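S.K.: Questions regarding the structure given below will be posed in turn.
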Amino acid sequence: MKRRDLLVAVGGGLLLGSSLSSAAASRVSRERWISAHGGESGEFGVGWLTGGELGGTTSVGFRGHAVLQHPSRPDSAVFLPRRPGKVALEVDLLAGEVRHRFTAAEDRHFYGHGCFSVDGTVLYTTESHVSVGTGLVTVRDANTYERLEEWSSHGIGPHDLAALPDGKTLVVANGGILTRPETGRRALNLPTMRSSLCYLDAGTGLLLDEFFVAEPKASIRHLDVARDGTVAFAIQLQRDASGHDRLVPLVGVHRPGAALELFEKPAAILHQLRDYVGSVAICDQGRVAGFASPRGNLVVFYHVDSGALLGYHQLRDVCGLAVSREREAFVLSNSFGEIRELDWISLQERKHQRLRLPDFRWDNHLLVASLG
């Protein structure tokens with residue numbers, strides 16, 4: 001689809017609005033933008049920027065996926081491996097050194113994501129019981145990373161998870177797709193796959209509720225949570241297994257006590273996403289949810305409450321997506337080392353802030369970490 005056609009299809013493109021406030025621009029940066037990366041040399045690491053400039057990088061020896069800021073050590077980040085990784089790290093960003101290393105238990109592997117409890121005392125990670133094929137949520141001490149408990153994720157292939165603001169609930173995206181380390185990324189259960197969005201008691205792992213999308217080959221993979229507990233989620237469709245060529249909605253929200261709400265329009269946007277959305281981030285200030293599609297080279301923005309399309313931005317192989325409160329911006333990254341900022345009200349790009357670090361192949365996810 002040509003860019004002009006897409007502009008017409010979504011009613012002229014982006015809204016207009018304000019730019020970065022002078023007060024925000026004048027402050028000394030108190031944020032780090034952190035992401036897994038792979039360099040031209042083939043080495044894998046974690047890199048970070050402060051104030052729009054490269055702050056440092058640490059080699060870690062494996063391809064990473066999600067990055068989490070440590071709740072009691074804000075200068076440290078927990079670095080989780082891309083599935084089926086077995087080793088995770090805590091990296092001291094000031095020293096540029098690995099502070100802790102912890103591993104999945106025997107016959108387990110990580111699924112790439114995790115979250116800390118609201119009180120910061122435990123770390124939850126999504127994992128797989130390899131020989132059985134079931135999904136797990138593993139509970140660890142947040143300081144020592146000692147394994148404390150292991151719960152069912154109540155599905156197969158759990159990927160992303162998050163703690164709800166109430167401090168009592170976890171939400172888990174069970175992708176529904178069975179894979180094994182020896183067969184790589186090949187899906188082994190496409191005829192029977194069943195994806196779900198599950199809510200668990202954060203203290204016991206008890207299943208509180210679960211929700212399913214109508215399309216059986218739609219895999220819920222990523223999510224973010226607003227301050228009021230609204231969950232925005234992103235889907236990856238297994239098109240070859242679907243048996244049809246209909247457009248399938250790939251993004252939506254869920255509010256407590258309601259059904260899943262999928263954003264089904266406009267059709268031009270669904271087509272452009274190419275059946276794949278790889279990350280999601282919510283800006284609470286404007287009630288805006290952004291969804292990034294690396295296959296579609298597109299980030300789309302919807303209003304969380306009305307479901308209205310607010311805008312989009314084209315960037316090749318874009319997947320990293322986060323919100324900077326300091327810069328009042330959505331921050332985007334891609335595998336070509338590019339970083340872009342979009343004003344969170346207007347969704348217009350600040351082109352003078354473009355950054356490209358060609359030696360850094362930013363991976364799927366981007367973390368904006370506040371230093372206090």
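The values are calculated or read from the model by the stated rules, or taken from the named source; none is laboratory data. Computed from a predicted model, the values in this text were never measured in an experiment. Note: ideal-geometry Cβ built from the backbone for every residue, glycine included; neighbour counts use all protein chains shown. The protein model used for the area step is the full one, side chains on, heavy atoms only, and it has no ligands, DNA or RNA in it. Shrake-Rupley method; radii C 1.70, N 1.55, O 1.52, S 1.80 Å.
S.K.: If each DSSP helix of 4+ residues adds -39,500 (n - 2.57) and the sum is divided by the residues in the chain, what number results at 222 nm, nearest 500 deg cm²/dmol? Provide the component values of the computation, followed by the final result.
M.R.: Values: 4 runs with 23 residues, N = 372.
Result for the chain: -1500 deg cm²/dmol, rounded to the nearest 500.
S.K.: Sequence-distant or interchain residues sharing an amide H contact under 5 Å with Asp363, placed H: which?
M.R.: Ala36, His37, Gly38
S.K.: For the range 223-364, just list the percent of Cα-Cα distances falling in each 5 Å bin from zero outward, please.
M.R.: Bins of 5 Å from zero give 2, 10, 21, 22, 20, 13, 7, 3, 1, 0 percent of pairs.
S.K.: Further, regarding this structure: Cα convex hull of the range 115-191: how many Å³ per residue?
M.R.: Hull volume over Cα atoms, normalised by residue count, gives 96 Å³.
S.K.: Could you give me the ³J(HN,Hα) list for the range 305-315, computed from phi with Karplus coefficients 6.51, -1.76, 1.60 and θ = phi - 60°, whole Hz, x at Gly and Pro?
M.R.: 8, 8, x, 6, 6, 9, x, 7, 9, 9, 7
S.K.: Using a probe of 1.4 angstrom, how much of the accessible area of the range 220-372 is carbon and sulfur, in percent? Mind showing how you got there, number by number?
M.R.: Working: 2610 of 5590 Å².
Reported share for carbon and sulfur atoms: 47 percent.
S.K.: Amide H neighbours of Ser195 under 5 Å, counting only residues 5+ apart in sequence or on other chains, H built in-plane at 1.01 Å?
M.R.: Here nothing satisfies the definition.
S.K.: Skip the ligands, DNA and RNA, and give the accessible area per residue of the chain with a 1.4 Å probe, whole Å². Don't skip to the answer; put the middle values down first.
M.R.: On the way: 15310 Å² over 372 residues.
Normalised by residue count, the accessible surface of the chain is 41 Å².
S.K.: Considering amide H positions built from the backbone, and no H for Pro or chain starts, which residues 5 or more places from Asp228, or on another chain, come under 5 Å of its amide H?
M.R.: Amide H to amide H, under 5 Å and 5 or more residues apart or across chains, Asp228 pairs with nothing.
S.K.: Please go through the range 95-190 and write out the GluC sites (Glu not before Pro) that DSSP classes as loop and that have at most 14 other C-beta atoms within 10 Å. Provide the component values of the computation, followed by the final result.
M.R.: Details: sites: Glu97, Glu106, Glu127, Glu146, Glu149, Glu150, Glu182; in loops: Glu106, Glu146.
In loop regions of the range 95-190 (DSSP not H, G, I, E or B), the sparsely surrounded GluC sites (Glu not before Pro) are Glu106, Glu146.
S.K.: Measure of size requested: the Rg and Dmax of the range 153-247, with Cα atoms as the atom set and Å as the unit; please supply both.
M.R.: 14.1, 43
S.K.: Now for a different question. Explain nothing, just compute: Karplus ³J(HN,Hα) = 6.51 cos²θ - 1.76 cosθ + 1.60, θ = phi - 60°, for every residue of the range 114-128 in order, whole Hz, x for Gly and Pro.
M.R.: Per-residue couplings from phi come out as x, 7, 8, 5, 4, 7, x, 8, 9, 10, 9, 10, 7, 8, 10 Hz.
S.K.: What FRET efficiency, computed as 1/(1 + (r/R0)^6) with R0 = 45 Å and r the Cβ-Cβ distance, is obtained for Ser346 and His100, rounded to the nearest 0.05?
M.R.: Calculated transfer efficiency: 0.60.
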